[in-house]
Amino acid sequence: MAVIEVERLRKHYPGFHGGTLALDRVDFEVPEGGVFGFLGPNGAGKTTTIRCLLDLIRPSAGECRVLGTKSRGSISTVIDQIGAIVETPAFFPRFTAQRNLDLLAGLYGMGRREVRGALERVGLAGREKDLVRGYSLGMKQRLGLAAALLKDPKVLILDEPAHGLDPAGITEVRGLLRQLGDEGRTVFLSSHLLAEVQAICDKVAILSRGRCVAQGTVREVLGRGRTTGVLVRVSDIPKAMQILDAGGFDVSEADDAITVTADPARSSEITQALATNELYVQEIRPLQVTLEEVFLELTADDRDEAWLQEPPKSNDD
Ligand SMILES: Nc1ncnc2c1ncn2[C@@H]1O[C@H](COP(=O)(O)OP(=O)(O)OP(=O)(O)O)[C@@H](O)[C@H]1O
Ligand SMILES: [Mg+2]
């Protein structure tokens with residue numbers, strides 16, 4: 001069973017000039033266990049989707065389910081199995097972190113032991129006696145994560161969990177989220193930090209202008225990038241370029257090497273063509289496509305000037 005199911009989800013916010021169509025028939029599924037990355041540029045609709053998942057707002061059409069339960073109207077029946085952070089989590093600023101978590105723990109029927117465990121997991125042990133007012137943004141994010149973990153949730157729904165964290169904090173939280181996913185929990189996170197997502201997520205969905213433009217394993221999504229190529233290093237670059245060009249390859253020179261725009265599966269043809277002409281390859285490897293490159297390619301429409309000036313009118317179903 002998919003832990004999160006989103007089906008033809010639409011959300012139209014009313015307003016001037018026809019309002020905003022924030023989600024336009026979004027479809028995706030999050031399987032049980034592991035880390036799922038939900039990516040998209042600013043305004044793509046990530047937070048709107050998460051709000052629909054948690055029944056904080058009402059979709060205009062379509063449906064979402066968490067743990068097999070329809071979000072709209074019924075999320076309360078499964079909410080004790082869901083830990084969530086939507087945007088910056090709110091705490092009582094004049095209370096200590098400990099007191100804030102104790103209050104929540106009381107609400108969930110948990111005790112001091114769970115609070116201690118949550119503080120340790122997020123790296124806040126030792127700072128629990130500080131007032132939340134004096135917490136940095138990164139510390140508040142961690143406290144939010146601690147609060148989400150108190151319930152020992154099956155599912156974690158996190159909107160930008162790395163927001164405000166320094167590089168060391170990002171690495172730490174990344175390790176924690178990966179661990180939670182490996183424990184069999186389902187971690188669903190929205191993010192802009194593509195390198196981080198590529199490093200920890202098993203699957204991703206990419207949202208652009210309210211539409212899901214790609215989803216699948218990180219590997220599958222990387223495969224959607226058009227920029228497949230092979231890097232070749234030889235001693236005589238001009239000669240090698242000539243040979244490959246004559247062999248029908250699309251070549252260009254880059255940093256003391258040659259880039260061949262071709263499926264890496266054709267590497268043996270490249271080495272053969274060069275070897276026949278007594279040029280021996282020093283290095284040959286597929287060019288790594290990053291999630292960032294694929295993301296920029298797939299969300300290019302988002303940066304259209306026309307789009308910035310004139311959002312599309314909604315056409316309600
Ligand atoms: N309450 C609201 N009323 C009107 N429009 C809204 C509202 N909330 C969001 N929007 C619009 O809906 C679109 C999607 O916004 P959303 O916050 O879901 O994007 P996001 O992907 O979370 O962006 P970000 O990366 O900046 O957090 C945007 O165009 C936004 O301006
Ligand atoms: Mg958002």
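I'd like the carbon and sulfur percentage of the solvent accessible area for region 108-219, probe radius 1.4 Å, heavy atoms only, ligands and nucleic acids excluded. Let's see the in-between values first.
On the way: 2370 of 4830 Å².
Using a 1.4 Å probe with all protein chains present, region 108-219 comes out at 49 percent carbon and sulfur.
Using only the Cα atoms of the chain, build the gyration tensor, take square roots of its eigenvalues as a ≥ b ≥ c, and label the shape rounded, prolate or oblate: rounded if a/c is under 1.5, else prolate if a/b is larger than b/c, else oblate.
Because a/c hits 1.5 or more and a/b exceeds b/c, the chain counts as prolate.
What FRET efficiency, computed as 1/(1 + (r/R0)^6) with R0 = 30 Å and r the Cβ-Cβ distance, is obtained for Arg8 and Ala125, rounded to the nearest 0.05? Mind showing how you got there, number by number?
Working: r = 44 Å, r/R0 = 1.48.
Taking R0 as 30 Å, the efficiency between Arg8 and Ala125 is 0.10.
Determine the gain in length on full extension of the stretch Asp236-Glu87; use 0.36 nm per residue of separation and subtract their C-alpha separation, reporting nm with one decimal.
Residue separation times 0.36 nm, minus the Cα-Cα distance, leaves 48.2 nm.
Counting only helical runs of four or more DSSP H residues, what would the 222 nm mean residue ellipticity of the chain come to if each run contributes -39,500 (n - 2.57) and the total is spread over all its residues?
Calculated at 222 nm, the ellipticity per residue is -9500 deg cm²/dmol.
For region 187-252 and region 1-75, what is the separation of their C-alpha centers, rounded to whole Å?
28 Å
I want to make sure I understand the PRE zone here: with the label point 7 angstrom from the Cα of Gln288 toward its beta carbon, which residues in region 175-215 have backbone N atoms less than 13 Å away?
From region 175-215, the list is 195-196, 198-200.
Among Thr276, Val6, Pro238, flag the residue with its Cα farthest along the positive direction of the charge dipole of the chain, charges on Cβ as +1 for Lys/Arg and -1 for Asp/Glu.
My answer, from the dipole projection, is Val6.
Cβ neighbours within 10 Å, averaged per peptide: list 207-213, 12-18, 73-79 in order, most packed at the top.
Descending mean neighbour count gives 207-213, 73-79, 12-18.
Rounded if a/c is under 1.5, else prolate if a/b is larger than b/c, else oblate: which is region 76-199, with a ≥ b ≥ c the root eigenvalues of its Cα gyration tensor?
Oblate.
Averaged per residue, what accessible area in Å² does the chain show with a 1.4 Å probe, protein chains only?
Normalised by residue count, the accessible surface of the chain is 50 Å².
Within the chain, which is the longest segment containing none of the GluC sites (Glu not before Pro) that sit in a DSSP loop and have at most 15 other Cβ atoms within 10 Å?
Answer - 88-182.
First measure r as the distance between the Cβ atoms of Asp245 and Arg219, then evaluate 1/(1 + (r/R0)^6) with R0 = 30 Å and state the FRET efficiency to the nearest 0.05.
The pair Asp245/Arg219 has a calculated efficiency of 0.45.
Which shape class, rounded, prolate or oblate, goes with region 230-286 when its Cα gyration tensor gives a ≥ b ≥ c as root eigenvalues, a/c under 1.5 marks rounded, and past that a/b bigger than b/c marks prolate?
Since a/c stays below 1.5, the shape of region 230-286 is classed as rounded.
Among the trypsin sites (Lys or Arg not before Pro) in region 58-95, which ones are in a DSSP loop with at most 12 other Cβ atoms within 10 Å of the Cβ? Mind listing them?
Sparse-neighbourhood loop trypsin sites (Lys or Arg not before Pro): Arg94.
What's the lysine pair count for the chain at a Cα cut-off below 25 Å, pairs eight or more apart or interchain?
19
The values are calculated or read from the model by the stated rules, or taken from the named source; none is laboratory data. Because the structure is a prediction, the values reported are computed rather than measured. Don't worry about glycine lacking a Cβ; one is built from the backbone with ideal geometry, like all the others, and counts go over all protein chains shown. The protein model used for the area step is the full one, side chains on, heavy atoms only, and it has no ligands, DNA or RNA in it. Shrake-Rupley method; radii C 1.70, N 1.55, O 1.52, S 1.80 Å.
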